[in-house]
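Take a look at the structure set out below.
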Amino acid sequence: MSPTAATLEVPELSASTHAVAAEARHGLTSTPKSLAPWLFYDEAGSRLFEQITALPEYYLTRAERDIFTAHAGEIFHLACRETGCPMSDGLTSDVGSPIAIVELGAGTASKTGILLRALTRFQHTVLYQPIDISPTALDEARANLELAVPGVTVHPRVANYVTDTVRIERPPNTKILALYIGSSIGNFSPVEARNILARLRSELSPGDSLLLGADLAPCPPEAASPVKSASTLLAAYDDAAGVTAAFNRNILSRLNRELGANFRPEQFAHRALWNRTHSRIEMHLLSLVPQTATIPANSSGPAFTAHFEQGETIHTENSYKFTPAAIDALLADASFAPTRTFTDPKSLFAVSLAHAV
Ligand code: AVJ
């Protein structure tokens, strides 16, 4: 092969790797540098995130699971109240499936089983439609749930709910309860968050409902009962075992693996900070030395280098935190009527039910 031919032959990328390449090019040539948080979730990153959810400091997953366990019955009762489905009389339904569940960004749906199991106490069969960009996660969700929760039928849908409107399957006489849980909404700016919910709302009808899981903002120290401190929050994103640091650095390892880049992840420090002005946790990767990484040419474009000054950062994630009032305002902005917000005993996390009006 002549040198000229070699330089012309650039790897043809799959659609998903193309998106990774495009985001890397965009984020690393911007000032300040950034990488979008969806890049965290390759196979290694998804495993690290599963580990994060079990960390003592990462209260979010446990708090939300506790809320589901304590309030599932009441959630379905309230979801039904305006719809006239049989369980609103306090009776067990025998008439098929009055509520069908749709879940945005379902992943492997590890917490959803609690809700589905509770719902099968009211109705014999439940249609569950998990939506996610990862087909492997959806396979796992289906395998787990159909085995663990008798009566549940899983109709997975591979789709990007951020960029595309996802069509919802609605059997006759069924009300939809849409789930958007796990604080996934926290990764989006206020405008993006509103747009995601408004687009979901456009697929729903009056009487349908939404269950939104959002993490709560810390209370100011001067508050009467400081239930959640900024340090509790920060520790959840900077754990002692360093799993979140590994999760953050994996974004660079992924660019090395998928794009053949030559980042040295160990030369970047994990930084988590509380941005009070924007009410969000930010994660950054901080360059410990002056360094340069090269991202080779591929079908998304020519090779480029990213130079880092010592102390320069890559902004990898925002995780927005909400007051109960901010959750209600977000829901109302997307044409949902806030119905009830449930929290865990320590008021760390919120699960809010709202009706489409
Ligand atoms: C999956 C977006 C809910 O923001 O808490 C966990 C991701 N980042 N630790 C979050 C995450 C660092 C997580 N979400």
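The values are calculated or read from the model by the stated rules, or taken from the named source; none is laboratory data. All values reported here derive from a predicted model rather than from experimental measurement. Using ideal geometry, Cβ is built from the backbone for each residue, glycine included, and neighbour counts are taken over all protein chains shown. Calculation scope for accessible area: heavy atoms of the full protein, side chains included, ligands and nucleic acids excluded. Shrake-Rupley method; radii C 1.70, N 1.55, O 1.52, S 1.80 Å.
Just one of the listed residues (T294, T316) is under 25 Å from the mean Cα position of the chain (by Cα) and not small (G, A, S), and it is T316. Restricting the stretch 183-218 to residues that are open to solvent by less than 40 Å² (accessible area, probe 1.4 Å) and assigned to a loop (DSSP other than H, G, I, E, B) leaves a set whose member that is farthest from the ligand (Cβ to nearest atom) is G207. Within the stretch 167-175, is even one residue crowded, with 21+ Cβ neighbours inside 10 Å and of a type in the set (A, V, I, L, M, F, W, C)? There is no residue in the stretch 167-175 that is crowded, with 21+ Cβ neighbours inside 10 Å and of a type in the set (A, V, I, L, M, F, W, C). Considering the conditions (1) more than 16 Å from the ligand (Cβ to nearest atom); (2) part of a strand (DSSP E or B); (3) outside the structural domain of I196 (by TED's automatic domain parsing), T339 is excluded by exactly one of them, (3). Considering (1) touching a helix residue (DSSP H, G or I) at 6+ places or on another chain (Cβ under 8 Å); (2) at pLDDT below 95, the lone condition that L48 does not fulfil carries the number (2).
Give the number of residues within the stretch 246-268 that are more than 24 Å from the chain's Cα centre (by Cα) and either outside any helix (DSSP H, G or I) or within 13 Å of the ligand (Cβ to nearest atom) (or both). Qualifying residue count, the stretch 246-268: 6.
All conditions but one from (1) open to solvent by 40 Å² or more (accessible area, probe 1.4 Å); (2) more than 23 Å from P37 (Cα to Cα); (3) assigned to a strand (DSSP E or B) apply to A354; the one that does not is (1). Of all residues in the stretch 250-304, none satisfies the criterion of being without any contact (Cβ under 8 Å) to a residue 40 or more places away in the chain, surrounded by 20 or more Cβ atoms within 10 Å (Cβ to Cβ) and out of contact with any strand residue (DSSP E or B) (no Cβ under 8 Å at 6 or more places or on another chain). Just to be sure before I move on: is A329 surrounded by fewer than 17 Cβ atoms within 10 Å (Cβ to Cβ), more than 13 Å from the ligand (Cβ to nearest atom) and in a loop (DSSP other than H, G, I, E, B) in the structure I sent? So A329 does not fit the description; no.
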